[in-house]
Amino acid sequence: MPNPLHVTAPEGVPCVDYSREFDAPAAEVFRAHTDPELYRQWIGPRGLETRIDGFDCRSGGSYRFVQRGAEGGDEYAFRGVFHTVRPDALIVQTFEFEGWPDVVTLEYSTFEDLPGGRCRLTGRSVHPSVESREQFLSTGMESGMAEGYERLEELLTGRPAPEGA
């Protein structure tokens, strides 16, 4: 895979750090995180459809989206507040899975241009405890993020992910 997701979860610390490079400029990757129609098309693993119930991506704005399998079935709702949105550079927001009330993470996402029209997305998720972080990781969060970012790369470049990705 040309642009893999790198995830680290330091032992004893309630954080998850991640990074991934994209074959697109930071402004385009940022826009795909802030435009609800684009966001809906790539967020989450393959096989899930996303409905946006609200998406006001500005400092002080909020969001809510619901995912479910293409064939129906269970729905999974997520919500949060955008604390800081700095165009093409930074998003600081909360993230809450409504199925786990009272577990809210603080998410930092930075967007950095790289040579050749590429960019690096770097993020940190701060959890309320190491236990809640471990529970989050046990859900398959890493593979879901990797698939979502593959979908984002496909959306931005118009190229499908390599076979086996």
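Taken together, the values in this text are just the output of simple stated rules run on the coordinates, not laboratory data. Keep in mind that this is a model prediction, so the values were computed, not measured. Reconstructed Cβ throughout: ideal geometry from the backbone, glycine too, with neighbour counts over all protein chains shown.
A compact table of results
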| item | result |
| --- | --- |
| Arg58-Ser138 pseudo-label distance in nm [points 7 Å out on the Cα-to-Cβ vector] | 4.2 nm |
| Net dipole in debye of the chain [+1 Lys, Arg Cβ; -1 Asp, Glu Cβ; about Cα centre; nearest 20] | 360 debye |
| Residue range of the chain that is longest and free of GluC sites (Glu not before Pro) which are both DSSP loop and sparsely packed (at most 14 other C-beta within 10 Å) | 99-162 |
| Residue-averaged [θ]222 nm for the chain, counting only DSSP H segments that reach four residues, each worth -39500 (n - 2.57) | -7500 deg cm²/dmol |
| Full-extension gain in nm, Ala89 to Asp17, via 0.36 nm per residue minus C-alpha separation | 24.2 nm |
| For the stretch 13-165: relative contact order, % (alpha-carbon pairs under 8 angstrom, 6 or more apart) | 29 percent |
| Top positive-direction residue, dipole computed over the stretch 1-157 with Cβ charges, set Phe136, Ser109, Gly69 | Ser109 |
| Global form of the chain, assessed from the alpha-carbon gyration tensor, a/c cut-off 1.5 | rounded |
| Segment Glu49-Val130, extension gain: residue separation times 0.36 nm, minus the distance between their alpha carbons | 26.1 nm |
| Distance-filtered residues of the stretch 42-58 - backbone nitrogen under 15 Å, label point 7 angstrom along Arg68 Cα→Cβ | 48-53 |
